[in-house]
Amino acid sequence: MPAIASRLNLFSESVIRDMTRIAIEYNAINLSQGFPDFDPPSELVDAAKRAMDGGHHQYAITWGAPRFRQALARKQSHWMGLPLDPDAHIVVTCGSTEAMMAAMMTVCNPGDRVIAFSPFYENYGADAILSGAEPVFVPLYPPAFEFDREELRRAFATGVKALILCNPSNPTGKVFTRDELQFIAELAQEYDAFVITDEVYEHIVYEPHQHAYIAGLPGMFERTISCSSLSKTYAVTGWRLGYVIASSEVIGGVRKVHDFLTVGAPAPLQEAAVTALDFPLSFYEELQAAYTSRRDCFLGYLDRAGLRYTVPQGAYYVLVDISDFGFADDTAFCVWMAREIGVAAVPGSSFFQEPVNHLVRFHFAKREETLAAAGSRLLRLKERG
Ligand SMILES: Cc1ncc(COP(=O)(O)O)c(C=O)c1O
């Protein structure tokens, strides 16, 4: 048999989805792969049923159904503080996953260097390799996950095409401050680089932290490619609806890549999602309150189990320190924990470029009873710590 492409040797299958398989094997409560175990808002599900009966079964316009783009432009103009044109500034994609890949393929030539902060969401490594780019990692130092400004400047100075910014960040839960974003924006302008954002957790932020859109900073709209999706905000990870927001010049490129990657996102679900995009502001306040309560509840269980962690400022993940358990490697710890304790987490090393293996990532986008069940199992860790 002929060999498959050698670039596939440069990255492995997702460790996160692997942990889901292990969770199933040991019947563990799955706090590894980040998806909710609760339903989306019922208005949204009803809208999907209506859309199915409404004849939206063929391809939508490649770069997005007009009603979806109009609703998205209304919503994001408000949140981003930018006057977005639904016809010029938006491409609707199959999740932020496709949005990021399309953004990378739009701006990167083979051999271009792209900065990503480490730890990083694992897709970015693969995105870089598949788009021919070379990732350059700049550490976020635990436990506060701050970056060294001089280190970041040096990375820019090597000549980079773009910086990938996951904000709020998976897996650290970091929400970049306005001051940090301003510093990144200045470097991007000084070194003439793009910023490609992944902002899927834009609405999951804990007081007193606030999400700021780097695209909204002075001079940044032209060089920012903002990627996000409906997956997390509306608890519809299976709907595969995401988008790219950028200047019309960049969007021209993204449309081409997107057309040949997937043609388009699901047409009936784009119609249904207009309902969600038109939700009042109170929806986002309630979302924040609900996630704050899930976070506080889960951190309470971690406290009772005697575990040390960095308090997340946003997103729905927490990195927990496992140094006290005496495991040489975090993957062995996660497999052991799934089997013996009955809770699955992701080995932190899968997110770090540096040799960090004393952290594991839990997610808490779960119903109260699921978190309570996981919490009582985690108490058994006390006997081992
Ligand atoms: C940072 C980040 N980006 C993107 C995704 C995937 O998003 P989507 O469902 O929109 O493809 C995830 C999912 O966990 C994520 O954590």
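Below are the figures for this structure:
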quantity	calculated
Over 31 Å (Cα to Cα) - which of Lys49/Lys366; Lys161/Lys366; Lys174/Lys366 fall in this group	Lys161/Lys366
For segment 238-280, the spread of Cα positions along each principal axis, largest first, Å	31, 22, 14
For segment 1-48, size of Cβ-based charge dipole, Lys and Arg +1, Asp and Glu -1, in debye	420 debye
Cα-based Rg of segment 25-119 normalised by 2.2 N^0.38 Å, two decimals	1.46
Virtual paramagnetic centre 7 Å along Cα→Cβ of Ser6, amide N under 17 Å, in segment 124-147	129-134
Test item: Cα-centred dipole of the chain, Lys/Arg +1 and Asp/Glu -1 on Cβ, debye	520 debye
Percent of alpha-carbon pairs separated by more than 33 Å within the chain	30 percent
Positive-end extreme of charge dipole, segment 184-285 - chosen from Met220, Gly252, Leu269 (charges on Cβ)	Leu269
Exposure proxy ranking, count of Cβ atoms within 10 Å, fewest first, for Tyr317, Tyr59	Tyr59, Tyr317
Span from the segment 310-367 Cα centroid across to the segment 248-264 one, whole angstrom	36 Å
D (Stokes-Einstein, µm²/s), Kirkwood Cα radius, segment 296-385, 1.567 mPa s at 4 °C	99 µm²/s
Ranked packing of 92-103, 297-308, 204-215, most packed first, by mean Cβ within 10 Å	92-103, 204-215, 297-308
Burial order of peptide ranges 129-135, 233-239 (average beta-carbon count within 10 Å, highest first)	233-239, 129-135
Residue exposure sequence - His78, His363, His358 - by fewest surrounding Cβ within 10 Å	His78, His358, His363
Nearest-0.05 FRET efficiency for Trp79 and Lys256, computed from C-beta distance (R0 41 Å)	0.90
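Read the figures in this text as sums done on the coordinates, not as results from a lab. Nothing here was measured: the structure is a model prediction, and the numbers come from that model. Quick reminder, even Gly has a Cβ in these numbers, built from the backbone with ideal geometry, and neighbours come from all protein chains shown.
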